[in-house]
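Here is the structure we will look at.
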Amino acid sequence: QVQLVESGGGLVQAGESLTLSCVASGITAINFSRRVLEWYRQAPGKQRELVASIITGGTTNYAEFVKGRFTISRDNFKKTLYLQMSSLKPEDTAVYYCKLLSDWGQGIQVTVSS
């Protein structure tokens, strides 16, 4: 089983920045490099939604609601996925999950105060 561990969440004020990381284990670096990686989020009472994805070559895709504010990136040698978040809004408050194929991280809380 691939294990994904998120870190970097916390409580911030609106307008501030935060960077999440997701470290993979149980997978080789070369296999990690061949996988599409994704960030999802789930707010209380809401469905889980796709935030951003990054393909093996580095091409990225973003949900409309984070374009221009969030940046997804990866370091294949470190087997780590990142989500850099800026200009955070209260509506960004959610549990954020990283995903590799069918494997999910445990989720990490991001709370943005008004």
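The values are calculated or read from the model by the stated rules, or taken from the named source; none is laboratory data. The structure displayed is predicted, hence computed values, not measured ones. Using ideal geometry, Cβ is built from the backbone for each residue, glycine included, and neighbour counts are taken over all protein chains shown. These area figures cover heavy atoms from the full protein model, side chains too; ligands, DNA and RNA do not enter into them. Shrake-Rupley method; radii C 1.70, N 1.55, O 1.52, S 1.80 Å.
Do you know which residues across region 22-45 are of a type outside the set (S, T, N, Q), farther than 11 Å from Val2 by Cα and more than 12 Å from the chain's Cα centre (by Cα)?
Ala29, Ile30, Arg34, Arg35, Val36, Ala43, Pro44, Gly45
Cβ-Cβ under 9 Å, sequence separation 6+ or interchain: first residue in region 91-114 and at pLDDT below 95, partner among the basic types (Lys, Arg). Which pairs?
From residues that are at pLDDT below 95, the pairs are Leu101/Arg35.
Every residue, every condition in (1) of a type outside the set (Gly, Ala, Ser); (2) over 22 Å from Gln47 (Cα atoms); (3) within 13 Å of the chain's Cα centre (by Cα), yes or no:
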site	(1), (2), (3)
Lys79	yes, yes, no
Met85	yes, no, yes
Lys89	yes, no, no
Leu101	yes, no, no
Ile108	yes, no, yes
Val112	yes, no, no
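Take the conditions touching a strand residue (DSSP E or B) at 6+ places or on another chain (Cβ under 6 Å), open to solvent by 30 Å² or more (accessible area, probe 1.4 Å) and either at pLDDT below 95 or basic (Lys, Arg) (or both) and apply them to Arg35. Does it pass?
It is true that Arg35 is touching a strand residue (DSSP E or B) at 6+ places or on another chain (Cβ under 6 Å), open to solvent by 30 Å² or more (accessible area, probe 1.4 Å) and either at pLDDT below 95 or basic (Lys, Arg) (or both).
Quickly run through region 1-27 and pick out the residues that are open to solvent by 70 Å² or more (accessible area, probe 1.4 Å), at pLDDT 95 or above and not in a strand (DSSP E or B).
The answer is Glu16, Ser17.
Check whether at least one residue in region 65-73 is open to solvent by 40 Å² or more (accessible area, probe 1.4 Å), hydroxyl-bearing (Ser, Thr, Tyr), in contact with a Phe, Trp or Tyr (Cβ under 7 Å, 6 or more places away or on another chain) and farther than 13 Å from Leu20 by Cα, and report yes or no.
No, region 65-73 has no match at all.
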